[in-house]
Structure formats: structure tokens, C-alpha cells
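These notes are about the structure you will find just below.
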Amino acid sequence: MTTRPDSQNQLDALRSEIERRNPAQPEFHQAVHEVLDTLAPVLAARPEYAEPGLVERLCEPERQVIFRVPWQDDQGRVHVNRGFRVEFNSALGPYKGGLRFHPSVNLGIVKFLGFEQVFKNALTGLGIGGGKGGSDFDPHGRSDAEVMRFCQSFMTELYRHIGEHTDVPAGDIGVGGREIGYLFGQYRRITNRWEAGVLTGKGLGWGGSAIRPEATGYGNVLFAEAMLRERGEDLEGQTAVVSGSGNVAIYTVEKLLALGANPLTCSDSSGYVVDDKGIDLDLLKQIKEVERGRISEYAERRGASARFVPGGRVWEVPADVALPSATQNELDENDAAALVRNGVKAVSEGANMPATPEAVHLFQRAGVAFGPGKAANAGGVAVSALEMAQNHARTAWSPARVEEELAGIMSHIHTTCHETAERYGAPGDYVTGANIAGFERVADAMLAQGVI
Ligand code: NDP
Ligand code: 2IT
């Protein structure tokens, strides 16, 4: 397949224009560049996609909402945070994507996450558009009552922008079952509607889906295994390094153990633990899910096999497989070089954009199987879409049924990315495969629906 230079010129011009019109949003630029860098072959092969305005529309959110979130702490002091919801693309279904509560959240970060979400959601094959939101609120060290008041204030503005047919938020960093509960309660109170499908990640007893908490981590491990199988291997007996110790990391560890692999590490923003005997899942869950403690406590309580490395990065620990599951740009070129030096075979992104572009290129040059987040971590949002389907039908599926559906969706995503990469002359390149396959699905829907 030859690439027409004019497709590349068109993409380069668009890239410059996006940088000019969205200043000081480096993460958004990074996410857009990574996609535009892979689209030239598909624009050359399918001239209808090169139609002026299509890619431009795809890179411009349909709607961006920014709002004030005032709340009172337990001492009565008033805090003023900023809330965001970026409704990026609804060609395939209602906007769908998580809410992130973290002090680093700003418009550029929410836009990068929303942009990624559009392609990710398309790859699931389900009827969901892409969006993302959140706030620069920091939940660390806040009491349940403070988190509740914050969530209530946040929803008091957000409610007017969302709905089961419009926009369906869920969790992300700093937003889990507790926060979704408070947000749902306030939505129900304001609207006087039992509208279960307005949020996903709900509790099992009130509209949540089985396997939603597990889905992102489980799905990423299934994706890593599918990549290994392409090379005649599987996860049995392989060592793994996992970063993070939140929702995605915990269920990554759980699935690795279930498939006979040996997860050696976990981390949080203070450093990492390495456990020569493999991570003790019960202890990890007790510290992180129940006590909301720090990862150093794991090493203190585990005994001789584990140690805490303050400020360190898990990528210096030798392993067969790496599963970054904390945050964007947590794995740079030096980390990638260390992993390659230590013989890593596969890297699969549980987090969104955790590997820098330089790290990704290094893995690809070294022949390491690399699964980009928009494919590898799509299991979470896929089960969110299954939660919406169950809510709509007023039913609840068994854990076994949801897990089977999840496995089928991850296998479909892997095959789609693999085949698309081959079709466009980039065999084994899951980045190109994921970007083009996601793009084709959204672009077809946008072309059919006219210039809007
Ligand atoms: P959690 O809040 O449950 O956990 C986040 C973990 O990452 C914590 O251990 C946290 O440590 C660490 N972390 C977060 N930010 C930073 C930072 N800036 N530097 C160092 N460590 C950091 O979030 P999730 O597990 O839900 O999300 C993890 C990643 O997975 C994110 O990139 C998210 O976008 C992505 N993702 C999540 C999905 C979901 O369904 N939840 C679905 C798909 C992707 P600390 O507590 O010290 O901050
Ligand atoms: O990044 C993601 O895909 C998520 N945080 C989950 C989104 C969702 O709607 O379940």
C-alpha cells in the first residue's frame, strides 16, 4: 500500500493547526499526534476519508463544559474546585467515559482522555460515543463526608449535561464505587428519576453490573495474553511488573494470578513495592480497597519477601511482561530501555497513554509486542456498555455471563487491531491497527450522518 504524500501533508497541516488552536495542552497534542501519525495509509486508500473537514471534526470536541465546584470541608472552610465534561463525539452512541478526580486535571488532560475514548469505544464494537470529565479535586486524605459533599456539588452542575441517552459518566482515577454512589444519589434527588443508565460502575445491589470493577484489569491481561499467543506463548509462568495500585492494577494482579503468571510489583505516587514471592492479592486489597492506605504499608506487613522502594519506578524490575496501570507518561524512553535490556516480551497499557511516544517507538523497534491503551484497556468501558444494556432491560446478568462477554470483546478487539495492521502494511503494529480500526468505524458513522 503506498501512502499519497498529499494525505501526509493534509495531516501535518492539521497537526500544526491543532497545536495553534489548543495552546498549552501537551497531553492533548500528544494523543492527537499519535493518531494522526498513523492515518496516512487509510486516507490514501479511502479517498472519502480525506474529504475536507472529516478529520478536523474528529479532533474537535462536540461540546466542552467547565464549571465551578464549591464545597465545604469538615472544618467549614470553603474550597473552590473546577469541574469539566468534554463531550467529544457522539456518532456511535451517547458520550461515554469516566470522571477523574486528581489535582493534575485540567482541560488539556480531559481532552486527551476524551479523544482516546472515542477510538477506544469504537473498537469495542458497541454503541457508545466518547467523552471524559473530572475535577482538580484531590480525594487523598479527605473524609467520606467531604467526598460526599464534593460529589454532590459536582453533580449539582453536571446533571443538566448528562442522561442515559445523552452522556453516561463512570469512574477513572480517584473515582470508584464510593464516588459513583454519591454522584448517583444526587442525580436521582435533583431529577426525581430512577435513571439507572445515567452512570456506570454502580453498586451491585442498585443497578451495577457484575465484573465492572474487575473489567479493565481483567481485559488488559486478556489482551496481553492474546498478543503472546500470536507469538506461540501464553502467560503461564511469566513474571510481570504492574504499576499503580488502584482499580486497574488490583484486578490486573488478580487475573495474572488466575492465569498462572507471577506479578512482582505494585506502586503508588510515593514509590513501589517488589515482592519476590509474587504480590499477595488479599493484603493488597485490604490496604488499598478497605483501608485506603499507602503502598509502603504492603512491604511493612508482608514480611521478608517484599520491600518498598521510595520514589522508584517498577520498570527497573526485570520481568517478561509489563502492565502500566497508573497514569499518563509514567513510562519513558529510559524505562523502556531498561525493560528491553531485561528481556521484556510484551507491554500492555492498562492506563491511558502511560508510555511516552519515544518509549512506544523503542518497544516497536525492539520487536516487543505493544498493546496501546485504547485497545488493551477497553474492557472497562465495554462492561460499562453492558451495564447500560442491563439497566435498559431492567435485568442483571450473572458474573459468568459478563465475563464471557468481556473475553469475547477483548478477543474481537485484538483480532481487529491485528488484522487492520496487516491490511495497512504494518503487521504486528497494534498502535496502527487500533487507530485505523477505531477511526474507520467513527468516520463511517460521521460521513453517513452529514456535516454536523
Ligand atoms: P485509581 O484511582 O483506582 O488508581 C490510580 C493509581 O495510580 C493509584 O495507585 C495512584 O497512586 C496512581 N497514580 C495516579 N496518578 C498518579 C501520578 N500522577 N503519579 C503516580 N502515580 C499515580 O485509578 P484507576 O486504577 O481507575 O486508573 C488507572 C489508570 O487506568 C488511569 O490512567 C485511567 O485513566 C485508566 N483506566 C481506568 C479505567 C477504569 O475503568 N477505572 C478504564 C480504562 C483505563 P496515588 O493513590 O498515590 O495517587
Ligand atoms: O478510560 C476509561 O475507559 C474509563 N475510565 C472507563 C470509562 C467508562 O465509561 O467505563
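With all protein chains present, how much of the accessible area of the range 66-150 (probe radius 1.4 Å) comes from carbon and sulfur, to the nearest whole percent?
C and S atoms contribute 47 percent here.
Between Arg57 and Arg189, what FRET efficiency comes out of the Förster formula 1/(1 + (r/R0)^6) with R0 = 41 Å and r the beta carbon distance, rounded to 0.05?
0.65
Using a Förster distance of 45 Å, how high is the FRET efficiency between Glu19 and Glu300, based on the Cβ-Cβ distance and rounded to 0.05?
After rounding, the FRET efficiency stands at 0.45.
Applying the Karplus parametrisation 6.51 cos²θ - 1.76 cosθ + 1.60 with θ = phi - 60° to the phi angles of the range 208-222, what ³J(HN,Hα) value in whole Hz is obtained for each residue in order, glycine and proline being reported as x?
x, 9, 3, 6, 5, x, 7, 4, 5, x, 4, x, 5, 5, 4
For the pair Arg365 and His140, how long in nm is the line joining their label points, each one 7 Å along Cα→Cβ?
Spacing of the two 7 Å Cα→Cβ label points: 3.4 nm.
Roughly what % of DSSP beta bridges within the chain run antiparallel, to the nearest 5?
60
Just grab the label-to-label distance for Asn334 and Ser269, each label 7 Å out from Cα along the Cβ direction, in nm (one decimal).
According to this spin-label approximation, the distance is 2.1 nm.
In whole Hz, what ³J(HN,Hα) sequence does the range 372-386 give by Karplus (6.51, -1.76, 1.60; θ = phi - 60°), x for Gly and Pro?
For the range 372-386, the Karplus curve yields x, x, 5, 9, 5, 9, 6, x, x, 5, 5, 6, 4, 5, 5 Hz.
Under the rule of -39500 (n - 2.57) per DSSP H run of 4 or more residues, summed and divided by the residues of the chain, what mean residue ellipticity at 222 nm is obtained, to the nearest 500 deg cm²/dmol?
So the calculated ellipticity at 222 nm is -15000 deg cm²/dmol.
Just to be sure I understand the model, the point goes 7 Å from the Cα along the line to the Cβ. What's the resulting Ala396 to Asp73 distance in nm?
3.8
For the pair Asp444 and Asp6, what calculated FRET efficiency results from E = 1/(1 + (r/R0)^6), where r is the Cβ-Cβ distance and R0 = 30 Å, to the nearest 0.05?
According to the calculation, E is roughly 0.85.
Over the chain, average the accessible area per residue using a 1.4 Å probe and give it in Å², no decimals.
39
For Asp167, Asp320, give me the order by solvent-accessible area with a 1.4 Å probe, most accessible first, ignoring ligands, DNA and RNA.
From most exposed to least exposed: Asp320, Asp167.
Counting only protein heavy atoms and using a 1.4 Å probe, what share of the accessible area of the range 225-370 belongs to carbon plus sulfur, as a whole percent?
46
The values are calculated or read from the model by the stated rules, or taken from the named source; none is laboratory data. All values reported here derive from a predicted model rather than from experimental measurement. Quick reminder, even Gly has a Cβ in these numbers, built from the backbone with ideal geometry, and neighbours come from all protein chains shown. Just the protein is used for accessible areas: all its heavy atoms, side chains included, with ligands, DNA and RNA removed. Shrake-Rupley method; radii C 1.70, N 1.55, O 1.52, S 1.80 Å.
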